[in-house]
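One structure is given here, and the rest of the page talks about it.
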Amino acid sequence: MKNNKPLLIITLAATAATSSIALAEEKPVEQPNAAEAAASTTEVPATELPAAGAATETPAEEAPKSAAKIAEEVPAVIEEAEPLVPEEFLSETPYSEIELGIGYVSDDAYKFGRYNGLQSKGPFVVADIDTENYSEDGTFWIIHGTNLGLESRYLRAEGGRQGTYKVFLEWDELPNYKNNTVQTPFLGVGSDNLTLPSGFDINTNLDASLNNFELKTKRERLTTGVMFTPKDRWQFDVDYSHETKKGVDATGAAIGAGPGGGGGPGSGTGAIGLVSTSLIPEPIDYVTDKVNAKLHYAGDDGQVDLTYHVSAFDNNYNSLTWQNPFFTTGAPTAGSMSLAPDNEFHQLSLSGGYTLPYRSRLTGLISIGQMTQNQAFESYSINSGLTTNPLPRSSLDGEVETTNAQLKIASRPTDKLRLNGELRYNERDNQTPVASYDYIVLDSFAKTGSVQNNPYSYKKSLLNLDANYRISAIQSLRGGYKYNNTKRRASDIEREETKENSLFAKWKVKPHSTVDVELYGEASKRDGSEYTAQGIQNPGLRKYYMADRDRTQLGAAIDYMATEALFLSARADYNQDDYTDTTIGLTEASNPVYTLDFSYTPRHNVVTYGYYTHENIESSQAGASVTTATAASSNWEADFDDAFDTVGLGAKITDIGKWEIGADLVFSQSTGKIDMKDLVNPGTENQFPDNETELTSFKLWTNYNYNENLVYRLGYWFEDYSEKNWAYDGLSAYDPTVVENALLLGNTALDYQVHVVTVSASYKY
């Protein structure tokens, strides 16, 4: 294969980038422990600034479709063995592309740049690379990089010989800019020892002592690996990743005032008066190492995989100590808490698949794992005035054994009938030793007696059966049954067993060549063993994930090809949960969703599209005050109603000489309402204000195809975001008239208006 040497010409131009828009604030799930590796999880990706002008492109021949519609159109396929030669080796003529340029952000906007690294006003570098090279002897190399000029950068390089071996090196960064309006009087932010200024008094000089800091973290991950085929039908993969996460987060801290009350700034007569709480900066310095090794064999009729996974989590901070901002005579001067402990997870898995007669295939998996946590215990308290017994153990010596099994069969005995069955089994066996510990209340005093740790274990079984029958050329019917059983084991568990049975059906029909209709329905019922409230819980309380529940799900969709140029689609989904035996807790919830979308292609080079989505998340909750904790009845109710509306419009025009142009407009708004009802004294309750958010995003881009290799790109991106949130709007760091004995962060809403311009040129070769 002939290698062309690129001649790169860089010309200033401007391009708009697109961003994922979510009205509700996204937060990556962070579980720095062994349990993270025990389940399959998806990390929230960075909101990338894509290749200039490319992100808004929509193929003229395809109409945009909702995520739900796309999911429904994915066919049920029989799993196939992973090819020994990766698919990219079999691609058509390879090409390479390099994009370089410069961009500018008009204003500081922490929320706007939360995951993409565009939080600060000023210039930034646009740099993307996608290059590959293949030789006639089968050797190759590939380099792929995005957002190389930002903190959300990603770069991967790989090479090898087709069908023989492959090595790769990967670098990935993910920032998380949470808030830059937070304040604290504590000194030593970012360390494990927080102190207060000399002479600090929360009632007289708090404001003068407040210092601004930033809630932000950043992940950096380096991954390397190798794949090789030692002989025909065999393949071995091994990869290693090293990830660090550093920064500052916020955590809650509390110190007790003593068994007799007093010692605090409040009255000392109620629950709040006995406890002082603070939101304090937590140092983040995590290291996670992972290794995955897999041996793969592919035969004529099946394949088998043997996989080993190990992950190790290390927290460079074992504990966090802080001075008591509410300290008065008789109260502890400081408090301390343990942070996420070091831990490990090991798992061995065996999986495979085999092709059976009658167009059937059987796949299965079994895995065993072990989670351990042996970090040394911290002392009971840093309060030297407390008298405690020695710790019964030097560490938790925590150990959890996991077992996962899955068996699936897919069959198509006739051209009209397709059958699928699945069995799953998951077990968590907590073998952590039980010991008795002194009961120390918030670094303040020791209660009489002792407490024991209570290991929690469970077994989950799942059965899925479904059949799809094509009634005629224009209609098909699918139906099935699901069974889910969970058995829990712990000394204080409220419910040992829950069972859920579900039936579903889906009907598809094409009454006309231009019309597709789909109807869907599912009904399920969950019940189980006797529910027994534990400890001081109200006997009427039911935890929603264990409570009896009747669930109904309904859906309908219609697609209409009105003309060759106009496509229309509508979909409605409704979910209803009724907690039939709940007096106190979540009693009901519903979630209706309605979507309309269209695409219009008046000419071969013009495509327009739009959509509208309305969603409601509604729920009702009943509660009881502390004074009625012995009565299985509620004395207040709350109705929650979160409404989301999103409208999107877009267009793209190509073949305007050498020009292409596109535009996207998205408007979203949400409203959260809480309606309180006092069942004892109606009309006396205080209502919460509405929470409101609003987002407008507009992108405009154009490409100039100078020749078949060189493209100049221009664009503009505007985003406007505002919110109202009663949880912190107008709330100072400390206001005893609002919340007694609580030191907060004094943060404000992160409203913003941002304009983004980039300049770049792209060269293909």
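The values are calculated or read from the model by the stated rules, or taken from the named source; none is laboratory data. For clarity, every value in this text was computed on a predicted model and none was experimentally measured. Virtual Cβ from ideal backbone geometry, glycine too; neighbours counted across all protein chains shown.
Yes/no matrix, rows are residues, columns are (1) within 29 Å of the chain's Cα centre (by Cα); (2) crowded, with 21+ Cβ neighbours inside 10 Å; (3) at pLDDT below 90:
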| position | (1), (2), (3) |
| --- | --- |
| ARG713 | no, yes, no |
| TYR721 | yes, yes, no |
| ASN725 | yes, no, no |
| ASP729 | yes, no, yes |
| VAL739 | no, no, yes |
| ASP751 | yes, no, no |
| VAL756 | yes, yes, no |
| SER760 | no, yes, no |
| TYR763 | no, no, no |
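Being among the acidic types (Asp, Glu) and within 29 Å of the chain's Cα centre (by Cα), is that true of even one residue in the stretch 562-571?
Checking the stretch 562-571: not a single residue is among the acidic types (Asp, Glu) and within 29 Å of the chain's Cα centre (by Cα).
Would you confirm whether any residue within the stretch 658-672 is buried (at least 19 other Cβ atoms within 10 Å of the Cβ) and without any contact (Cβ under 8 Å) to a residue 60 or more places away in the chain?
Within the stretch 658-672, one or more residues are buried (at least 19 other Cβ atoms within 10 Å of the Cβ) and without any contact (Cβ under 8 Å) to a residue 60 or more places away in the chain.
Under the condition of being among the polar types (S, T, N, Q) and more than 30 Å from HIS604 (Cβ to Cβ), which residue from the stretch 632-668 is nearest to the chain's Cα centre (by Cα)?
This residue is SER668.
Looking at the stretch 345-364, which of the residues that are in a strand (DSSP E or B) and aromatic (Phe, Trp, Tyr) is farthest from ASN430 (Cα to Cα)?
TYR354
Hey, can you tell me all the residues within the stretch 156-186 that are within 26 Å of THR244 (Cβ to Cβ) and without any contact (Cβ under 8 Å) to a residue 24 or more places away in the chain?
Matches in the stretch 156-186: ARG156, ALA157, GLU158.
Taking ARG393, is it charged (D, E, K, R) and touching a strand residue (DSSP E or B) at 6+ places or on another chain (Cβ under 7 Å)?
no
Any idea how many residues of the stretch 417-455 are closer than 30 Å to GLN475 by Cα and of a type in the set (Lys, Arg)?
1
So how many residues does the stretch 187-237 have that are touching a residue at least 60 places away in the same chain (Cβ under 8 Å), under 22 Å from ILE280 (Cα atoms), assigned to a loop (DSSP other than H, G, I, E, B) and touching a Ser or Thr at 6+ places or on another chain (Cβ under 8 Å)?
Count: 4.
I want to confirm something. Restricting to the stretch 105-162 and keeping residues that are of a type in the set (S, T, N, Q) and in contact with an Asp or Glu (Cβ under 8 Å, 6 or more places away or on another chain), which single residue is nearest to GLU173 (Cα to Cα)?
Selected residue: SER152.
Quick check on the stretch 423-437: of everything there that is touching a strand residue (DSSP E or B) at 6+ places or on another chain (Cβ under 6 Å) and more than 26 Å from LEU407 (Cβ to Cβ), which residue is surrounded by the fewest Cβ atoms within 10 Å (Cβ to Cβ)?
Result: VAL434.
Each row is one residue, and each column tells you yes or no for (1) of a type outside the set (Gly, Ala, Ser); (2) in contact with an Asp or Glu (Cβ under 8 Å, 6 or more places away or on another chain); (3) modelled with pLDDT of 95 or more; (4) closer than 27 Å to GLY113 by Cα.
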site	(1), (2), (3), (4)
LEU194	yes, no, yes, no
THR223	yes, yes, yes, yes
GLU243	yes, yes, yes, yes
ALA250	no, yes, yes, yes
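Applying the selection to the stretch 677-715, what residues are part of a strand (DSSP E or B), polar (S, T, N, Q) and farther than 30 Å from SER633 by Cα?
Within the stretch 677-715, THR693, THR696, SER697, THR702, ASN703, ASN705 meet the criteria.
Any residue in the stretch 716-735 that is out of contact with any helix residue (DSSP H, G or I) (no Cβ under 7 Å at 6 or more places or on another chain), over 30 Å from GLU214 (Cβ atoms), free of Cβ contacts under 8 Å to residues at least 60 places away in the same chain and not in a strand (DSSP E or B)?
No, the conditions are met nowhere in the stretch 716-735.
Determine whether the stretch 238-246 contains at least one residue that is closer than 16 Å to PRO281 by Cβ and either buried (at least 17 other Cβ atoms within 10 Å of the Cβ) or touching a helix residue (DSSP H, G or I) at 6+ places or on another chain (Cβ under 6 Å) (or both).
Yes, there is a match, as at least one residue in the stretch 238-246 is closer than 16 Å to PRO281 by Cβ and either buried (at least 17 other Cβ atoms within 10 Å of the Cβ) or touching a helix residue (DSSP H, G or I) at 6+ places or on another chain (Cβ under 6 Å) (or both).
On the given criteria, is LEU320 among the aliphatic types (A, V, I, L, M) and closer than 30 Å to TYR354 by Cβ?
no
Take the residues of the stretch 392-407 that are free of Cβ contacts under 8 Å to residues at least 40 places away in the same chain and assigned to a loop (DSSP other than H, G, I, E, B): which is surrounded by the most Cβ atoms within 10 Å (Cβ to Cβ)?
The extreme case among them is ASP397.
Is it true that some residue in the stretch 585-602 is closer than 28 Å to ASP664 by Cβ, free of Cβ contacts under 8 Å to residues at least 40 places away in the same chain and more than 32 Å from the chain's Cα centre (by Cα)?
yes
Give the residue, chosen from VAL666, VAL647, that is within 13 Å of HIS614 (Cβ to Cβ), among the aliphatic types (A, V, I, L, M) and modelled with pLDDT of 95 or more.
Sole residue among the options that is within 13 Å of HIS614 (Cβ to Cβ), among the aliphatic types (A, V, I, L, M) and modelled with pLDDT of 95 or more: VAL647.
Let's see how each residue does on (1) at pLDDT 95 or above; (2) among the acidic types (Asp, Glu):
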residue: THR164; (1), (2): no, no
residue: ASP201; (1), (2): no, yes
residue: PHE213; (1), (2): yes, no
residue: THR217; (1), (2): yes, no
residue: PHE236; (1), (2): yes, no
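Does the stretch 384-391 contain at least one residue that is crowded, with 16+ Cβ neighbours inside 10 Å, among the hydrophobic types (A, V, I, L, M, F, W, C), part of a loop (DSSP other than H, G, I, E, B) and in contact with a Phe, Trp or Tyr (Cβ under 9 Å, 6 or more places away or on another chain)?
Within the stretch 384-391, one or more residues are crowded, with 16+ Cβ neighbours inside 10 Å, among the hydrophobic types (A, V, I, L, M, F, W, C), part of a loop (DSSP other than H, G, I, E, B) and in contact with a Phe, Trp or Tyr (Cβ under 9 Å, 6 or more places away or on another chain).
Considering (1) free of Cβ contacts under 8 Å to residues at least 60 places away in the same chain; (2) of a type outside the set (Ser, Thr, Tyr); (3) touching a Leu at 6+ places or on another chain (Cβ under 7 Å), say which one ASN681 fails and leave the rest.
Result: ASN681 passes all but (3).
Check ARG424 against each of (1) within 27 Å of the chain's Cα centre (by Cα); (2) on the phi > 0 side of the Ramachandran plot and name the one condition it does not meet.
(2)
In the stretch 491-526, how many residues are charged (D, E, K, R) and closer than 16 Å to LYS460 by Cβ?
Total satisfying the criteria: 6.
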